[in-house]
Amino acid sequence: MCELLALNANTPTDMAFSFRGLSRRGGAVGEHADGWGLASFTPDGSGLDLIREDAPAAFSQLADQLAERSPKALVSIAHIRKATQGLVALENCHPFARSWKGQTWVFAHNGNLDGAIPSGDTYRPFGSTDSEAAFCWILDQLDKDSVDPENPEQISTQLHAYATELARMGTFNALISNGQWLFATATTRLHWLTRRAPFTTATLADPPLQIDFAPLTSSSDVVTILSTEPLTTDEAWTAVDSGSSMLWMNGECLHLHTP
């Protein structure tokens, strides 16, 4: 399996601290050594910084640089891979990006889907993973269902329905974003926490590194982190219930879909 990480905030925020904790699990203290990726939307939502590498994140100079200073964004998504379907290759590394209705969408998946995922008319995978095939299928379904790209509530409802259908094929823990909102869904493992004033310190589990967020933030900042497994040892993480989905915007949960 793989591990997921995402940030959603109401002010441009870097994910350096959390990404350092995740990257250590990419081959050093974890088995997810088959590639990694980090996608960060520019704060105005007009652009995307996407970096991927088919090498262990724990030993990557590039990943180490991002762990020191990642781009500031309202939405960032990261992934470390343990290959279950598809070769260890750059085209099979998450996150994946596609254009839909003039928007750039990013997708990352943790899990394994059994069986053939239908290939659509418009979107087809470049690599050989079940994950990218599922992403392409989702985008095709959005087209078929004539979903309004400017209606987050409708998008959230449809994405939850698609996630429920894909989960029948196996495990579907996934993150999707267009840079304005962040959709998260869980079959098995996904956790979240929200940091807001008064900000305090947090300590990573891997490595045991501590940071004081108080001098780095303002009283109005709201920052939500989602991760497959909790990244810190002294904060209260909440597990997403199996079969549930959430839509986040500006660090707050706008929609919760239950099984």
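Read-outs throughout are calculated quantities, based only on the coordinates presented, and are distinct from any laboratory measurement. What you are looking at is a predicted structure, and each value in this text was computed from that prediction instead of being measured. Glycine also receives a Cβ, built like all others from the backbone with ideal geometry; neighbour counts cover every protein chain displayed.
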Exercise. For the chain, what is the convex hull volume of the alpha-carbon atoms per residue, in Å³?
Worked result: 109 Å³
Seminar exercise, completed: Quick calc: nm separation of the 7 Å Cα→Cβ label points for Asp145 and Ala28 -> 4.1 nm
For this session: Would you please give the FRET efficiency between Glu68 and Ser242, computed as 1/(1 + (r/R0)^6) with r the Cβ-Cβ distance and R0 = 41 Å, to the nearest 0.05?
Result: 0.70
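Mind ranking 172-183, 89-100, 135-146, 117-128 by how tightly packed they are, going by the mean number of other C-beta atoms within 10 angstrom, highest first? Mind showing how you got there, number by number?
Numbers: 172-183: 24.1, 89-100: 19.8, 135-146: 17.7, 117-128: 14.2.
Top of the packing list down: 172-183, 89-100, 135-146, 117-128.
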For this session: Between Gln154 and Ser219, with labels modelled 7 Å along Cα→Cβ, what's the label distance in nm to one decimal, could you check?
Result: 4.0 nm
Exercise. How would you rank 187-197, 228-238, highest first, on the average number of other Cβ atoms within 10 Å across their residues?
Worked result: 187-197, 228-238
Seminar exercise, completed: Residue-normalised 222 nm signal for the chain, counting each DSSP H run of n ≥ 4 as -39,500 (n - 2.57), nearest 500 deg cm²/dmol, is -6000 deg cm²/dmol
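Can you tell me the mean projection area, over all orientations, of the convex hull of the range 80-177's alpha carbons? Units nm², please. Mind dumping the intermediate values first?
Details: hull surface 23.4 nm².
The number I arrive at for the range 80-177 is 5.8 nm².
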Exercise. What ranking do 74-84, 101-111, 201-211 get when scored by the average of other Cβ atoms within 10 Å per residue, highest first?
Worked result: 74-84, 101-111, 201-211
